[in-house]
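This report refers to the structure that appears directly beneath it.
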Amino acid sequence: MPEMDQIVPVPREDEDEDDGAEEEATEKVGTECKPGADSEEGEDEKVLKFLDSFDAYLVLIDSLSSALRQGWLELACARHSMGSSRISSALFDHKVRSAATTLKVTDSLDSSLSEPNPHFTLSKWGTQEDRCSSEEIELDSMQKKSNQSQLRHRAASNILGEREESNSSGNGPQLSFSKDVQKERAKSLAVFGTLVSPKLRTAQSSFETALERIVEMANARSAMLSAFTQLQLEVKGSEDTTREDTV
Amino acid sequence: MAGRAPIPTSNSALIAMIADEDTVTGFLLAGIGNVDLRRKTNYLIVNNKTTLKAIEEAFKEFTTREDIAIVLISQYVANMIRFLVDRYNKPVPAILEIPSKDHPYDPTQDSVLSRVRYLFSAESVASGRY
């Protein structure tokens with residue numbers, strides 16, 4: 001049908017000649033499209049990373065709010081049972097003391113990041129590493145003492161053997177660690193008197209949970225800001241390339 | 001990459017607080033209270049009698065101390081010194097706005113979230129409708 005022949009866009013007579021040109025054109029277009037496609041994929045990945053960290057931050061804020069509400073309620077109950085004068089900021093003395101719960105701050109291992117990305121680790125009531133190192137020192141000192149005296153050698157070796165058995169079982173350091181933790185907790189409660197309401201203990205537990213959320217929030221915040229900075233750089237880079245293309 | 005400022009790392013950094021009495025009491029129960037040899041604490045209790053100047057000085061002190069890694073500040077207190085909080089841009093100590101008993105958390109007022117929110121307002125489809 002002549003009408004159908006006229007409709008066909010590519011005439012068959014020129015097909016062989018144009019094939020090579022078309023292939024070259026498609027190859028050129030393909031090569032031009034590839035870096036653009038890669039940059040779009042990279043930008044999408046960064047957008048997703050940013051949105052994930054943003055969502056994590058908001059979820060953690062919600063979780064923190066719940067923990068804080070629980071803590072305030074328990075504190076109010078403790079104040080009701082113990083009396084408002086016994087749970088008051090007037091009891092906070094200014095005697096020199098170190099914080100029992102601290103943070104470990106490390107730099108991000110990702111050197112490709114242009115923005116600093118700190119990482120926070122919570123150390124509740126002293127770190128476990130400190131406990132292990134102090135016990136190693138004790139073990140070393142006991143070994144030295146046993147070497148010095150032959151008369152006491154048998155007794156000391158028995159003690160060392162017991163110590164090694166307890167360390168190998170893993171119960172010894174854990175028990176002493178938990179005892180130290182309980183000791184530190186009791187010190188914090190002792191500010192409000194020797195006999196405290198059970199609600200005050202549960203309030204302490206709630207605020208410890210809130211503290212864990214806060215450290216997670218701090219890490220989520222730094223991840224979010226880092227992702228945001230990378231995304232800004234990506235967007236700026238793509239805007240510069242589009243301007244160059246239009247020029 | 002070149003020009004990246006190093007982060008001050010520490011094994012026993014402190015958490016500072018600028019908040020109401022109940023919040024500070026609770027976190028002191030959790031063991032973060034510290035009093036150094038100069039009798040300086042790592043917390044400030046904000047009440048009706050606390051002046052704006054005292055809050056500003058506490059914020060400036062906590063954000064310049066090298067032994068503090070996180071500064072917790074109630075959002076309603078942060079709103080009083082919003083110009084200071086928004087101007088702060090160091091990674092450490094990290095400033096975290098937290099809710100208080102009488103003032104729930106509002107994400108639209110958070111300094112960090114408002115900083116990243118403009119990305120959405122510039123790129124979102126909704127902005128084209130205005």
* To do: Quick one: A:LYS124 ticks every box in (1) under 30 Å from B:PRO91 (Cα atoms); (2) modelled with pLDDT under 50; (3) of a type in the set (Lys, Arg) except a single one, so which number is it?
  => (2)
* Structure fact -> Subset of the stretch A:192-218, residues more than 10 Å from chain B (Cβ to nearest Cβ), in a helix (DSSP H, G or I) and within 21 Å of A:LEU91 (Cβ to Cβ), comes to A:PRO198, A:LYS199, A:THR202
* Only one of A:LEU189, A:LEU211 is at pLDDT 50 or above, hydrophobic (A, V, I, L, M, F, W, C) and touching a strand residue (DSSP E or B) at 6+ places or on another chain (Cβ under 7 Å); which? -> A:LEU211
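Please verify whether B:VAL71 is within 30 Å of A:VAL181 (Cα to Cα), surrounded by 15 or more Cβ atoms within 10 Å (Cβ to Cβ), modelled with pLDDT of 95 or more and within 11 Å of the chain's Cα centre (by Cα), treating the condition exactly as stated.
yes
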* **Index of the failed condition, A:ALA67 passing every other in (1) of a type in the set (Gly, Ala, Ser); (2) surrounded by fewer than 16 Cβ atoms within 10 Å (Cβ to Cβ); (3) under 21 Å from B:LEU28 (Cα atoms)** => (2)
* Within the stretch A:163-182, identify whether any single residue is over 24 Å from the mean Cα position of the chain (by Cα), within 14 Å of chain B (Cβ to nearest Cβ) and at pLDDT below 85, and answer yes or no. => yes
* Conditions (1) away from every other protein chain (no Cβ under 11 Å); (2) within 12 Å of the chain's Cα centre (by Cα); (3) surrounded by fewer than 18 Cβ atoms within 10 Å (Cβ to Cβ); (4) not hydroxyl-bearing (Ser, Thr, Tyr); number of the one not met by B:LYS90 -> (1)
* **Criterion (surrounded by fewer than 23 Cβ atoms within 10 Å (Cβ to Cβ) and facing another protein chain (nearest Cβ under 7 Å)) met by exactly one of B:ILE55, B:ILE45, B:ILE15, B:ILE32** => B:ILE45
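The values are calculated or read from the model by the stated rules, or taken from the named source; none is laboratory data. For clarity, every value in this text was computed on a predicted model and none was experimentally measured. Positions of Cβ are generated from backbone atoms using ideal geometry, with glycine treated the same way; all protein chains shown enter the neighbour counts.
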